[in-house]
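The values are calculated or read from the model by the stated rules, or taken from the named source; none is laboratory data. Keep in mind it's a predicted model, so treat the numbers as computed, not measured. Neighbour counts run over all protein chains shown; Cβ positions are idealised from the backbone, glycine included. Accessible surface is based on the protein model in full, side chains and every heavy atom, while ligands, DNA and RNA are left aside. Shrake-Rupley method; radii C 1.70, N 1.55, O 1.52, S 1.80 Å.
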Amino acid sequence: MAAAAPRVIVNDRALFRRVSGVGRYLSEVLAHWPSDAAKPRGLVLPAGLGALGPHRAALPRVEKLRTLNTVSLQDGLLSRGYGRAGGRRRSGGRGLLSRAARSGLASRVRRAVGTAALYWEPDHIPHGPARRTVTTIHDLSVLDHPQYHPEDRVEFWGARFHERLGWSDAFVCPSDATADRLRRELRSRGLERRVESIPLGPRWGSAPADWTGEACRRALGLTRPYVACIGTIEPRKNHRVLLDALELTRGTGVRLVLAGGFGWGGDAFFDELLNHPAAERVRWAGHIDDPHLAALLKGSIGHAYPSWYEGFGLPALEAMALGVPSLVSTAASLREVAGVGMPTLPPDDPAVWAASLDRLATDPAWRGELSRSGEERAAAFSWKACSEQHAALVGDLLQQRPDAPG
């Protein structure tokens, strides 16, 4: 009689909130998990996660897209409430879990990890000690840049992160920059742990041939040349430098379309935007679905990503995969993603960003060069490879003799 497969569990709570970076990461890794490897089982959904599938959508034909619901500041559609539904949001939604499910999660984790051969925590901080634990650290910005996070998050990390750092036998990071930073943190605590750098993948490959920029702009009702910026509205994303850059552009009339949810600190950004000289050239699309996001990128003359700090920089990679010219900041992980073929710009210099925006608007040969370089670079990343490396790490840990829980 064949031996039972070792029980591997994963904290799948991120799949039951509005899709976030952690949720997308987890769903894609699980969807591409090798069939011959021990498949992680969810804590919230113990029956397994294969049926959920990835949070991706096949690219439909442009003609079938609905018009993008953009918001014009100058038309007064964006009130002081920041949205048609009104009311300011200071944090993300509470998700799809009931209050009882949320309150019982910690005790459920503690019970489950005691029977598991391995526990995988995909969101920074394990909920309980286990015989073997692997934890994904997406970035350490809460430690290095607490000013970019709400106080309750900083307090939670201060109370829990270092206390539980020793619970993990191995860590996964999405970039070498994040992995190196984590190794320094571990050494400072006298801990020696395995740290693997496993890059993420884009949700789309090359767009269909009929997805021309002109066709996408027409389908979305965006007729003027624009630069897209994908990311949650929060201080770390550094949208302010793009506003100042727009003001400095030299008569090209390029617009900026922001797509992303309303995050912590969004109030201050919109207060600033409403009074900014470049406000009439900015549109905010909010959180939009995958096909519209792909069309928004393809219709743009480029994607700008000026973040102060990133653990990886997935929106930049996804733009590159679609052949969209990408401008990124000099943040270490973004330099990794961009490689040698894409421009990296200082996040604190609006004049440099303005010059690049002007060039995107006036130099089609340069746009073509960036498009080709980006596609070639993005081809080196895939969710399949990412998932296979996760499965290999889990397999290695399962073969080791477990130490006592931390």
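Across the stretch 257-287, what is the number of residues that are touching a residue at least 60 places away in the same chain (Cβ under 8 Å), open to solvent by 40 Å² or more (accessible area, probe 1.4 Å) and not in a strand (DSSP E or B)? Break it down stepwise before answering.
The first filter runs over the stretch 257-287 and keeps only residues touching a residue at least 60 places away in the same chain (Cβ under 8 Å), leaving 257, 261-267, 270, 273-274, 279-280, 282-287.
Add one more test, that the residue is open to solvent by 40 Å² or more (accessible area, probe 1.4 Å), and what stays is 264, 274, 280, 283, 287.
Still in the running and not in a strand (DSSP E or B): 264, 274, 280, 287.
Of the residues in the stretch 257-287, 4 are touching a residue at least 60 places away in the same chain (Cβ under 8 Å), open to solvent by 40 Å² or more (accessible area, probe 1.4 Å) and not in a strand (DSSP E or B).
Considering the stretch 310-322 alone, what residues qualify as being out of contact with any Pro (no Cβ under 6 Å at 6 or more places or on another chain), open to solvent by less than 10 Å² (accessible area, probe 1.4 Å) and either among the acidic types (D, E) or within 14 Å of L296 (Cα to Cα) (or both)?
A316, A319, M320, L322
Within the stretch 381-401, identify whether any single residue is within 20 Å of T252 (Cβ to Cβ) and either open to solvent by less than 10 Å² (accessible area, probe 1.4 Å) or touching a strand residue (DSSP E or B) at 6+ places or on another chain (Cβ under 9 Å) (or both), and answer yes or no.
no
Can you list the strands (runs of 3 or more DSSP E) found entirely within the stretch 159-256 that contain at least 1 residues being open to solvent by less than 50 Å² (accessible area, probe 1.4 Å) and closer than 28 Å to V10 by Cα? Steps first, answer last, please.
Working: elements: 170-173, 194-197, 226-230.
In the stretch 159-256, the matching strands (runs of 3 or more DSSP E) lie at 170-173, 194-197.
Sort out which residues of the stretch 195-225 are free of Cβ contacts under 8 Å to residues at least 60 places away in the same chain and under 30 Å from A392 (Cβ atoms), and write them in order of number.
Hits for the stretch 195-225 are V195, S197.
Looking at the structure I just gave you, is I125 among the hydrophobic types (A, V, I, L, M, F, W, C), surrounded by 20 or more Cβ atoms within 10 Å (Cβ to Cβ) and at pLDDT 90 or above?
Considered against the rule, which asks whether it is among the hydrophobic types (A, V, I, L, M, F, W, C), surrounded by 20 or more Cβ atoms within 10 Å (Cβ to Cβ) and at pLDDT 90 or above, I125 comes out as no.
Can you find even one residue in the stretch 22-45 that is more than 17 Å from the chain's Cα centre (by Cα), modelled with pLDDT under 70 and part of a loop (DSSP other than H, G, I, E, B)?
Yes, the stretch 22-45 has at least one match.
Could you tell me whether any residue of the stretch 288-309 is under 18 Å from the mean Cα position of the chain (by Cα), closer than 28 Å to L182 by Cβ, charged (D, E, K, R) and open to solvent by 30 Å² or more (accessible area, probe 1.4 Å)?
Within the stretch 288-309, not a single residue is under 18 Å from the mean Cα position of the chain (by Cα), closer than 28 Å to L182 by Cβ, charged (D, E, K, R) and open to solvent by 30 Å² or more (accessible area, probe 1.4 Å).
For the stretch 341-357, does any single residue satisfy the condition of being on the phi > 0 side of the Ramachandran plot, at pLDDT below 95 and open to solvent by 20 Å² or more (accessible area, probe 1.4 Å)?
Within the stretch 341-357, not a single residue is on the phi > 0 side of the Ramachandran plot, at pLDDT below 95 and open to solvent by 20 Å² or more (accessible area, probe 1.4 Å).
Condition check ((1) hydrophobic (A, V, I, L, M, F, W, C); (2) in contact with a strand residue (DSSP E or B) (Cβ under 9 Å, 6 or more places away or on another chain)) across all residues:
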{"residue": "P146", "(1), (2)": "no, no"}
{"residue": "E151", "(1), (2)": "no, no"}
{"residue": "E155", "(1), (2)": "no, no"}
{"residue": "G158", "(1), (2)": "no, no"}
{"residue": "F161", "(1), (2)": "yes, no"}
{"residue": "L186", "(1), (2)": "yes, yes"}
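Being touching a Lys or Arg at 6+ places or on another chain (Cβ under 7 Å) and outside any loop (DSSP other than H, G, I, E, B) is the filter; apply it to the stretch 339-361 and report the residue that is nearest to T249 (Cα to Cα).
Ranking the qualifying residues of the stretch 339-361, first place goes to D358.
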